[in-house]
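Remarks on the structure that follows.
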Amino acid sequence: MRRNTNYKVLMVSITLSLLFIIVGANVFIVSIFGYHVNSKTSLKEKINGIHQVENELLAKRGTITDRNGTVLAQDVPSFTLYASLDTSRLNPDKSPAHVFDKETTATQISSIINLSYEETLAILNSDAKQVEFGNAGKYLSLDQKNKLVEMEIPGLGFYEIISRNYPLAPFAPNILGFSRFDEAGNIQKGQLGVELLYNDELTGVNGYESYQKDGDGYILKQIESHIDEPEDGSNIKLTLDRGIQETLENAMEGMSDDEKVKAKEVWGAVVEIKTGRILGWGEYPAFDPNDPNTNWNSRGVQYSFEPGSTMKTFTIASAIDQGVYDGLSTFDSGPFHVGLKDGKVVRLSSSQNAVHTITNANNTNYGQMTYDYGYAMSSNVMIAEMMSGPLDIEKFHENLLQLGFFKPVNMDRIVDVSGVDLWDHPLDKLTNGFGQGSTVTMLQMIQAYSAIFGNGTTVKPYIIDEILNPNTNEVIHKGQTIYGNKVYKETTAKQVQTNMREVVSLGSGMRFDIDEVTMIGKTGTAQYVAPGVAGYSDTEYIFSSILAFPYDDPEVMVYTAYRANLGHSINAQANYVKDVLRKVISTYDFQEDNPGYIEQATLNTVNNFVNIGIDEAYESLRGKGYQPVVIGDGARVISQYPLGGSKLLSNEFVLLYTGDNGIIMPDMNGWSLKQVRNFMAISNLQFTLNGTGFVQHQSLASGSIITPESEVVIDLD
């Protein structure tokens, strides 16, 4: 019995010893070699597979919208495709985690990305362990990624990046600009336009997350992780209006494509006069970042050009402001032979000894014409007469500087050129009056005309409406109306507006007149200087127009300029501008109640009635639809306004002066300021004028006899 007991003890001891040896050996092997014998698992590999992971969390770049919130630029997720060619890469179930059927894979990939089968296969046949697919494999959309994922292609993977999307592209590309993803910095960077100029505001701050992950890719939840959330960039709202902008761009493309116009380049803007907000900014052809020959400079701010006759507006504005403008006086519109005397320009009777000769467009000689009609018909000779006569041209030059010409406007960080102020030689000074010699930018023209269309004070244009906090929508920056110099008296601006109405109603801008609203404006033609070429082009010119409406209180201006061959159809071009005008009108829903507005009118030439019997003259004018106003009780016409030979729309007033006796006070209700002044000038009478616009009240009843002693007060509004 004792022997049996000893045997059991021995066997237990041996078993325990063996177990101790096995466990000890296993511990030793695990400790030294990191290998678990029983499970045949390399614990060293498992332990070494646990590692700290730090991922950068990409901040969202700020969104850019138009004034109504339409998205113009935004971040969207994109993906870079890669392929593993490492044959040792296997999935946990031992299936390949690498590309093994390269021909089939090349066929599948090339069907989704913009890369040929041959190019794709060549990349897959690389000796590298992992490959990417160049630009064709970058910035893939979520749809492209999903299509590749659905194919279950072994070995394919994706890096997520952020790309910039422009949903309405091309849309104001010279203003918006663009950004590119900087892979080194892992962030979007602005390259041009608002994207570049406001890159700091648009750019957010990337965050990061930190955690541990084992060799199989599982996140160890029990170990504390750390996250710094990214800070998104600020959002920017522009003053642009999507509808107006698209109409403007379509019009510009039309001017370029139309066989009757064939504009080589076009630029323009739509601006709120009283605020300076830019509603549309167009350039065509627009820049294309994928085209190595693209024009990266903005024509609106970085291109200066001779403005042509649109500068004449500022010449007559200076004359009116100086009190030396008499619109009803006449001048000889024949060739102006330029002479120099005591350093000043004088008009010579012939070309002999002349240093230059100035003529009207197409060498047209209108004979004797009034200064008002000369402006309406854009007469160069009329401007030469003023610049060499009563106008103080140094004060005129001072006005140009006050308006902001020849220096940067500095609108919302946009870098703009100064232009050239050519003001040394007497002839240079003279030609500045009709827009030749000195150069300006479109942005300067917009700013300068704000004084004419407003109350004589310049308004600085702007295009950044708001910068907003992306989380709270709090306004960080608000665009504001900035007033500049008070250049002209308000009465000066109003009188110039009246002159600009005649440009559209009977002068060089008639092609822009539309039924929807009473338009005012000015046109211009300037010789073109090609870059790097001496002298003016023989065939190409720059044609421009500046229009504003409504006439009685201008709210919006539309500026367009384009380069084209002389002899193209200016009427065809005007039709595209009219599309823009009508879009603006419909957007703002202008409701014009203008007593001076004429819905149906025809253009005719007014006959010369001087020395003609008053009855005959009266009936002739009535027969053509005009409204004759007889001044005096004489039997024959002594003078008239407009002059004989002038072109005038039907239903307009024609003043017939027959003498100083028996002048009857007409019913001036609804007359414009211009018409009242014409009546005063031709009758040699003086009225007290209160206000601008159209006559609302007259102190002397219609039908009363007026004498030089009569005190007449006219109230306009």
> Looking at 401, 554, 534, which one has the Cα that reaches farthest to the positive end of the dipole of the chain (charges on Cβ: Lys, Arg +1; Asp, Glu -1)?
Replying inline: 534
> Roughly how tilted is helix 393-403, in degrees to the nearest 10 and between 0 and 90, from the longest Cα axis of the chain?
Replying inline: 30 degrees
> What is the distance, in nm, between label points placed 7 Å from the Cα along the Cα-to-Cβ direction at residue 361 and at residue 469?
Replying inline: 5.5 nm
> Just from the alpha-carbon atoms, what are the Rg and Dmax of the range 384-488 in angstroms?
Replying inline: 17.5, 64
> Tell me, what is the FRET efficiency for residue 118 and residue 424 to the nearest 0.05, using R0 = 60 angstrom and their Cβ-Cβ distance as r?
Replying inline: 0.35
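Pairs to check: 407/489; 489/674; 344/407; 494/674. Give those whose C-alpha atoms are more than 19 Å from each other in this structure. Intermediate values should be presented prior to the final figure.
Details: 407/489 23 Å; 489/674 16 Å; 344/407 27 Å; 494/674 9 Å.
With Cα atoms farther than 19 Å apart: 407/489; 344/407.
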> Taking the Cα centre of the range 238-330 as the origin, how large is its charge dipole in debye, to the nearest 20, when only Lys and Arg (+1) and Asp and Glu (-1) carry charge on their Cβ atoms?
Replying inline: 280 debye
> Protein chains only, probe 1.4 Å: how do 427, 403 rank by accessible area, largest first?
Replying inline: 427, 403
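Go ahead and estimate [θ] at 222 nm for the chain from helices alone: -39,500 (n - 2.57) per DSSP H run with n ≥ 4, summed, over the residue count, rounded to 500. Write down the numbers at each step before the final one.
Values: 19 runs with 206 residues, N = 717.
After summing the helix terms and dividing by residue count, I get -8500 deg cm²/dmol.
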>> Take residue 229 and residue 329, extend 7 Å from each Cα along the Cα→Cβ direction, and tell me the distance between the two endpoints in nm.
In response: 7.4 nm
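Per residue, how much accessible surface does the chain expose to a 1.4 Å probe? Answer in Å², no decimals.
Details: 34100 Å² over 717 residues.
For the chain, the solvent-accessible area averages 48 Å² per residue.
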> From the Cα gyration tensor of the range 52-120, with a ≥ b ≥ c the square roots of its eigenvalues, which class applies: rounded if a/c is under 1.5, or else prolate if a/b is larger than b/c, or else oblate?
Replying inline: oblate
> What length, rounded to one decimal in nm, is gained on full extension from residue 143 through to residue 553, with 0.36 nm per residue of separation minus their alpha-carbon distance?
Replying inline: 142.4 nm
> Rank 264, 494 by accessible area, highest first, at a 1.4 Å probe radius?
Replying inline: 264, 494
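Whats the longest run of the chain with zero GluC sites (Glu not before Pro) that are DSSP loop and have at most 13 other Cβ atoms within 10 Å? Please report the intermediate quantities before stating the final value.
On the way: sites that count: 152, 183, 224, 259, 474, 599, 709, 711.
With GluC sites (Glu not before Pro) excluded where exposed in loops, the chain gives 260-473 as its longest stretch.
Round to a whole number: what % of the accessible area of the chain belongs to carbon and sulfur, probe 1.4 Å?
Numbers: 16560 of 34100 Å².
Of all accessible area on the chain, carbon and sulfur atoms account for 49 percent.
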> So what are the radius of gyration and Dmax for the Cα set of the chain, in Å?
Replying inline: 39.4, 169
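Let me know the whole percent of all Cα-Cα pairs from the range 242-338 that are separated by more than 23 Å.
Working: 2289 of 4656 pairs.
Counting pairs separated by more than 23 Å, the tail of P(r) holds 49 percent.
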> Which entries of 429/522; 260/460; 264/583 show an alpha-carbon separation above 29 angstrom in the structure shown?
Replying inline: 260/460
>> Just to verify a number: what accessible area does residue 304 come out at with the full protein assembly present, 1.4 Å probe, Å² rounded to tens?
In response: 40 Å²
>> Given an 8 Å cut-off on Cα distances and at least 6 residues of separation, report the relative contact order of the range 503-583 as a percent.
In response: 25 percent
> Relative contact order for the chain using alpha-carbon pairs under 8 Å, separation at least 6, rounded to a whole percent?
Replying inline: 10 percent
> Out of residues 5 or more away from residue 484 or on other chains, whose amide H comes under 5 Å of its own, with H placed 1.01 Å from N in the peptide plane?
Replying inline: 458, 459, 460
> PRE reach from residue 486 (point 7 Å along Cα→Cβ): which of the range 389-406 fall under 16 Å by backbone N?
Replying inline: 402-403
>> Can you give me the angle between helix 442-453 and the longest principal axis of the chain, using Cα atoms only, in degrees from 0 to 90, rounded to the nearest 10?
In response: 50 degrees
> Hey, how many Å between the Cα centroid of the range 156-182 and the Cα centroid of the range 488-520?
Replying inline: 44 Å
> Helix 2-33: angle to the longest alpha-carbon principal axis of the chain, degrees 0 to 90, nearest 10?
Replying inline: 30 degrees
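Is the shape of the range 424-533 best called rounded, prolate or oblate, per the rule: a/c under 1.5 gives rounded, else a/b larger than b/c gives prolate, else oblate, with a ≥ b ≥ c the square roots of the Cα gyration tensor eigenvalues? Kindly include the intermediate steps, with their values, before the conclusion.
Values: a/c = 1.92, a/b = 1.46, b/c = 1.31.
Prolate.
Can you give the Rg/Rh ratio of the range 386-444, where Rg is from the C-alpha atoms and Rh is the Kirkwood radius? Mind dumping the intermediate values first?
Details: Rg = 12.5 Å, Rh = 12.2 Å.
Using only Cα positions, Rg/Rh for the range 386-444 is 1.02.
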> So for the range 620-677, what are the equivalent ellipsoid semi-axes in whole Å, largest first, each being the square root of 5 times an eigenvalue of the Cα gyration tensor?
Replying inline: 18, 15, 10
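How much length, in nm to one decimal, is gained on full extension between residue 160 and residue 627, taken as 0.36 nm per residue of separation minus their Cα-Cα distance? Before the final figure, lay out the partial values.
Details: separation 467, 0.36 × 467 = 168.12 nm, distance 7.51 nm.
Full-extension gain reported as 160.6 nm.
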> Which ³J(HN,Hα) values in Hz, rounded to whole numbers, follow from the phi angles of the range 672-682 under the Karplus curve 6.51 cos²θ - 1.76 cosθ + 1.60, where θ = phi - 60° and Gly and Pro get x?
Replying inline: 7, 4, 4, 5, 5, 5, 4, 4, 4, 5, 6
>> What does the extension gain come out to for residue 457 and residue 572, with contour length at 0.36 nm per residue minus their alpha carbon separation?
In response: 38.0 nm
> Rounded, prolate or oblate: which fits the range 607-717 when a ≥ b ≥ c are the square roots of the eigenvalues of the alpha-carbon gyration tensor, with rounded for a/c under 1.5 and prolate only if a/b beats b/c?
Replying inline: oblate
> Taking the alpha-carbon centroid of each part, what is the distance from the range 56-74 to the range 651-685 in angstrom?
Replying inline: 60 Å
> Hey, how much of the P(r) for the range 122-274 falls beyond 27 Å, as a percent of Cα pairs?
Replying inline: 53 percent
> How far is it, in nm, from the label point at residue 352 to the one at residue 55 when both lie 7 Å from their Cα along the line to the Cβ?
Replying inline: 9.4 nm
>> What are the ³J(HN,Hα) couplings of the range 271-284, residue after residue, when phi is run through the Karplus curve with 6.51, -1.76, 1.60 and θ = phi - 60°? Round to Hz, x for glycine and proline.
In response: 9, 6, 5, 7, 10, x, 5, 8, 8, x, 9, x, 8, 9
>> Suppose we keep just the alpha-carbon trace of the range 282-430; what are its Rg and Dmax in angstrom?
In response: 18.7, 59
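The values are calculated or read from the model by the stated rules, or taken from the named source; none is laboratory data. As the structure is a prediction and not an experimental result, all values here were calculated from the model. Methodologically, a virtual Cβ is constructed for each residue, glycine included, from the backbone with ideal geometry; neighbour enumeration extends over all protein chains shown. Please note that ligands, DNA and RNA were not included when accessible areas were found on the heavy atoms of the full protein model with its side chains. Shrake-Rupley method; radii C 1.70, N 1.55, O 1.52, S 1.80 Å.
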